[in-house]
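To keep things clear, I will list the structure first and then write my remarks on it.
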Amino acid sequence: MHQGRHFLQIPGPSPVPDRILRAMDMPVIDHRSAEFAALGRAVLEGSQKVFQTKGPVVIFPSSGTGAWEAAIVNTLSPGRDKVLMVETGHFATLWRQMAGRFGIEVDFMPGDWRRGADPAQIEARLAADTAHSIKAVMVVHNETSTGATSRIADIRAAIDRTSHPALLMVDTISSLGSVDYRHDEWKVDVSVSCSQKGFMLPPGLGFNAISEKARAASRTNNMPRSYFDWEEMLKPNAKGFFPYTPATNLLYGLREAIAMLLEEGLDNVFARHQRLAAATRAAVNQWGLEVLCQEPSEFSPVLTAVMMPPGHDADQFRKVVLDNFNMSLGAGLSKVAGKVFRIGHLGECNELTLLGALTGVEMGLSVAGVPHRPGGVEAAMRLLEQRDQRNASSHLKVVST
Ligand code: PLP
């Protein structure tokens, strides 16, 4: 038996803030009513701000995997189209598998799961594809299995340099609302996301932000689809409605989540995630453990995957932390199962939540007998204090003038 709140420090689902829980605690309303239409319009328009797009965003009652499927079935044609993907980790591998199941040929560039997608490699592949047989480049922005982000702006620039007409489709499932992401500015054609990470909602909503070019592709591709058809969604969405029963109470929560993100300011949200991630890495370095991601410019602001010393099992360690300190850490997935644990620091996470989580990790390392240097929490504190002192002094200035 544990007292107090469970620490859900996995990289999504992330903890749902009380404010969002309260916003969802509402009677279900008639989804054909004017009251619903106002909610529908508010969340559809609000989502555009989070994706940083002026184009349409559709919201499916689905997990992120459903939103992946929507991106594929609306743009690609089975037995005809080829796509370029990069093996950044477990989720890129699953998206690739899904494309294959839909009859899409995948050129899957191998990776070592320790960095993001390489823009130069993508550029070289596209430059060599003079026949323009590659229909889309599909990349995972924040690879949740490894804690490495891909530099989407650089990938866009690489594609542009080749003048290749391929669509750019990006999985923003664990980055949206936590890591800077600009659908329009980076000319992304389909951005795929979901509710349970940066939006801080329970699982159950899948998102596609759609460019004009992607919508044009959806008019000529020949993949059978029904539930995930964009046009079926977009018609009623224009008036705030959905073609089938929407996840009404999650939409109440979404309205609140968008308000919270915009009140804090997206740039402040992104900076907070960067700061918490830096503090986490400071702790890991002090412990003498290794961060899985090897490329500093690609360190994830959302999660940190930590490698276990040889001879120590990450899942056993996670069990010790859960049993003793009531905290869930993320498991290593597929190739890195048992070899890494993941610390989520996204969504409703602040300095003290993070320090609590890092304290649980540090105590867990001791209890589990994992060799490490003490003082990781201390290192994180020092890093977080620096910022607090800056804020405190600027606050004093405001007060004294
Ligand atoms: N892509 C990424 C990057 C993810 O992190 C996840 C889930 O964690 C998925 C796809 C699959 O999303 P879902 O589990 O919501 O279907």
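A straight chain from T220 to Q316 at 0.36 nm per residue would run longer than the Cα-Cα distance by 29.5 nm. In a simple Cβ point-charge model (Lys, Arg +1; Asp, Glu -1; nothing else charged), the chain has a dipole of about 220 debye relative to its Cα centre.
Helix 314-325 and the longest principal axis of the C-alpha atoms of the chain enclose an angle of approximately 60°.
By how many degrees, 0 to 90 and rounded to 10, does the Cα axis of helix 90-101 deviate from the longest principal axis of the chain? That works out to roughly 20 degrees.
For the chain, the spread of Cα positions along the three principal axes, ordered from largest to smallest, is 60, 52, 51 Å. 3J(HN,Hα) couplings calculated from phi for region 264-269 with the Karplus curve 6.51 cos²θ - 1.76 cosθ + 1.60 (θ = phi - 60°) are, in sequence order, 5, x, 4, 5, 5, 4 Hz; Gly and Pro show x. With all protein chains present, how much of the accessible area of region 236-363 (probe radius 1.4 Å) comes from carbon and sulfur, to the nearest whole percent? So the carbon and sulfur contribution to the accessible surface is 54 percent.
Global size of region 1-150: 19.7, 63 Å for Rg and Dmax (C-alpha atoms, Rg to one decimal, Dmax whole). The coefficient of translational diffusion for region 191-260, derived via Stokes-Einstein from the alpha carbon Kirkwood radius under 20 °C and 1.002 mPa s, stands at 157 µm²/s.
Panel values: region 4-71, Kirkwood radius from alpha carbon pairs, Stokes-Einstein at 25 °C and 0.890 mPa s, translational diffusion coefficient 165 µm²/s.
Between the helical axis of 152-162 and the longest alpha-carbon principal axis of the chain there is an angle of about 40 degrees. Close amide H pairs (under 5 Å, H built 1.01 Å from N) link L168 with V137, D189, V190, residues at least 5 positions away or on another chain. Put the Cα centre of region 284-333 next to the Cα centre of region 48-93 and the gap is 29 Å.
Near F341, the amide H atoms lying under 5 Å from its own belong to V306, M308; only residues 5 or more places off or on other chains count, and H is placed 1.01 Å from N.
A simple spin-label model places pseudo-atoms 7 Å from Cα toward Cβ; at N350 and R22 they are separated by 1.5 nm. Determine, at each q value in 0.09, 0.13 (inverse angstroms), the log₁₀ of I(q)/I(0) that the Debye formula gives when each Cα of region 123-262 is one equal point scatterer. Evaluating at q = 0.09, 0.13 Å⁻¹ gives log10 I(q)/I(0) of -0.32, -0.67.
Only DSSP H runs of four or more residues enter the estimate; each adds -39500 (n - 2.57), and after division by the residues of the chain the mean residue ellipticity at 222 nm equals -14500 deg cm²/dmol.
Once C-alpha pairs closer than 8 Å and six or more residues apart are averaged by separation and normalised to the residue number of the chain, the relative contact order reads 23 percent.
For chymotrypsin sites (Phe, Trp or Tyr not before Pro), the sites in region 181-227 that DSSP calls loop and that have at most 16 other Cβ atoms within 10 Å are Y227. When the chain is treated as a GNM with alpha-carbon contacts under 10 Å, the residue of K335, K213, K187 showing the greatest mean-square fluctuation is K335. Accessible surface computed residue by residue for the chain, with neighbouring protein chains in place and a 1.4 Å probe, gives 41 Å² per residue. The length gained on full extension between A37 and H2, counted as 0.36 nm times the residue separation minus their Cα-Cα distance, comes to 8.3 nm.
The values are calculated or read from the model by the stated rules, or taken from the named source; none is laboratory data. Being a predicted model, the structure only gives us computed values, none of them experimental. No Cβ is skipped: glycine too gets one built from the backbone with ideal geometry, and neighbour counts run over all protein chains shown. Side chains are part of the model used for accessible areas, which takes the heavy atoms of the whole protein and leaves out ligands, DNA and RNA. Shrake-Rupley method; radii C 1.70, N 1.55, O 1.52, S 1.80 Å.
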